[in-house]
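The values are calculated or read from the model by the stated rules, or taken from the named source; none is laboratory data. None of the values given here were measured: they were computed from a predicted structure. Note: ideal-geometry Cβ built from the backbone for every residue, glycine included; neighbour counts use all protein chains shown. SASA here: full protein model, heavy atoms, side chains in, ligands and nucleic acids out. Shrake-Rupley method; radii C 1.70, N 1.55, O 1.52, S 1.80 Å.
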Amino acid sequence: MRDKRKFILFVLMLVVVATPFVSFAAYDSAKGLVPCGTTSYSTPCSLCHLYILIQDILYFLMWIIAPVVAVLAIGIAGFKILISGANPGLRADGYKIIRTTITGLVIMFAAWVVMNEVLLFFTNKPDATGTAKILSSPWNQVKCIP
């Protein structure tokens, strides 16, 4: 129970320290997270902008937050392995954290690759000139057309 409290306290301290680094809430400071209705954008918000917001949030989680969390988890696991000494439980816990972290990253990125390949296989039928007509842009980029 005491170890659980220490771990929760450590995570809370880490969140407090790391919050300013991610609190800007946008991966591109020139663009921002909200794609409409702000001082930077004069266009009013529409339903299409909701899809762009979701796309920006998913990009932020997948390419910025997930690698940082994975590095922190692997660091914590490595520290547990380092201090395990004669305690095989800590070593097994460290290896389990590493295995879970890497499995999660592989699942996340493999899902993107599989989705990309399936969509390109079923929708990119070339016409007589050899260019694809069904997917005119990448499937993972939303374009608002007024």
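For the reader, a short list of remarks on this structure follows.
- A crude spin-label estimate for the pair ALA92 and GLU117, with each label 7 Å from Cα along the Cβ direction, gives 3.6 nm.
- Percent of Cα pairs exceeding the 21 Å cut-off, where the set is the stretch 35-114: 51 percent
- THR43-ILE57 pseudo-label distance in nm [points 7 Å out on the Cα-to-Cβ vector]: 2.0 nm
- Note on PHE10/THR100: beta-carbon distance plugged into 1/(1 + (r/R0)^6) with R0 of 25 Å gives a FRET efficiency of 0.90.
- Exposure check, 1.4 Å probe, all protein chains in place: CYS48 carries approximately 30 Å² of accessible surface.
- MET108 sits with roughly 60 Å² accessible to a 1.4 Å probe, with DNA, RNA and ligands left out of the calculation.
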